[in-house]
1. Does LEU98 meet the test of being surrounded by fewer than 17 Cβ atoms within 10 Å (Cβ to Cβ), in contact (Cβ under 8 Å) with a residue 60 or more places away in the chain and within 29 Å of THR151 (Cβ to Cβ)?
2. What number of residues within the range 99-121 are part of a loop (DSSP other than H, G, I, E, B) and touching a Phe, Trp or Tyr at 6+ places or on another chain (Cβ under 9 Å)?
3. Has the range 63-79 got any residue that is loosely packed, with under 15 Cβ neighbours inside 10 Å, within 18 Å of the chain's Cα centre (by Cα) and farther than 14 Å from ALA27 by Cβ?
4. Just give me the residues in the range 38-48 being within 19 Å of GLU81 (Cα to Cα) and out of contact with any Ser or Thr (no Cβ under 6 Å at 6 or more places or on another chain), in sequence order.
5. Mind checking which residues of the range 123-146 are among the β-branched types (Val, Ile, Thr) and assigned to a helix (DSSP H, G or I)?
6. Can you go through ALA112, ALA119 and tell me which one is among the small types (Gly, Ala, Ser), modelled with pLDDT under 95 and under 30 Å from SER183 (Cα atoms)?
7. Please find, within the range 151-184, the residue that is nearest to ASP109 (Cα to Cα) out of those that are of a type in the set (Gly, Ala, Ser), at pLDDT 60 or above and not in a strand (DSSP E or B).
Amino acid sequence: MSAPPPVLQPDATIGILGGGQLGRMLALAAARLGFKCHVFSPNPDSSAFDVVHRVTCADYTDAQALDRFAGAVDLVTYEFENVPAECATFLAARVPVLPDPKILATTQDRLAEKNFVAALGIGTAPFADVVNSAALNAAIECIGRPAVLKTRRFGYDGKGQATIRNGSRRMKTIASVIKPAASERRLPSQPSSR
């Protein structure tokens, strides 16, 4: 069993990996609770830099910069799942990192994430691994259409996705663009209960 997460004291500093709009919103919410934030991002134009107490602009592989960052914060989190898991693991040896870097690594690969959720007995849309056009054809045979082909890594907010509808003949082209991938059955939208 892992140790319970640390309780942050007033005026603690939260380290945030990633300086985009989600990092900015996280820092603003933390400030309202009395916490300081220190953002680590390789992008000098990070929008979160404008609203935090400290910034580190360095590559996620810069061990010296990461070490200094770890020494300046009480806890580390990340703004999105595309922060390198190795970076979070490096920091976890020095300072608490939440969520755990193993969780980050799982969420970075859609197929690993779906297999993890399915192993917990939680229902998912039918899905299959797609490594080439033959695997895509087999996946579509198994799960049916309409389906969504999703890049396994670095896709978000609809990026890295292609819908395969009934009658679609573009599967070979789609499979060549998005590799490796996971294909899943497209489920009908449910009306909101509100």
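The values are calculated or read from the model by the stated rules, or taken from the named source; none is laboratory data. Values in this document were obtained by computation on a predicted structure and should not be read as measured data. Quick reminder, even Gly has a Cβ in these numbers, built from the backbone with ideal geometry, and neighbours come from all protein chains shown.
1. Numbers: surrounded by fewer than 17 Cβ atoms within 10 Å (Cβ to Cβ): yes; in contact (Cβ under 8 Å) with a residue 60 or more places away in the chain: yes; within 29 Å of THR151 (Cβ to Cβ): yes.
So LEU98 passes the test.
2. Initial filter on the range 99-121 (part of a loop (DSSP other than H, G, I, E, B)): 99-100, 108-109, 120-121.
Cutting the leftovers down to touching a Phe, Trp or Tyr at 6+ places or on another chain (Cβ under 9 Å) gives us 99, 108.
The qualifying residues number 2.
3. no
4. Here is the first cut: in the range 38-48, the residues within 19 Å of GLU81 (Cα to Cα) are 38-43, 46-48.
Scanning the range 38-48 gives VAL39, SER41, PRO42, ASN43, SER46, SER47, ALA48.
5. Applying the first criterion (among the β-branched types (Val, Ile, Thr)) to the range 123-146 yields 124, 130-131, 140, 143.
If the condition is that a residue be among the β-branched types (Val, Ile, Thr) and assigned to a helix (DSSP H, G or I), then ILE140, ILE143 are the ones that fit.
6. Values: ALA119 fails: modelled with pLDDT under 95.
One residue alone meets the criteria, ALA112.
7. Looking only at the range 151-184, we keep the residues that are of a type in the set (Gly, Ala, Ser), and these are 155, 158, 160, 162, 167-168, 175-176, 181-183.
From what is left, the residues that are at pLDDT 60 or above are 155, 158, 160, 162, 167, 181-183.
Narrowing the set further to residues that are not in a strand (DSSP E or B) leaves 155, 158, 160, 167.
Numbers: GLY155: 9, GLY158: 15, GLY160: 13, GLY167: 29 Å.
Checking each candidate, the answer is GLY155.
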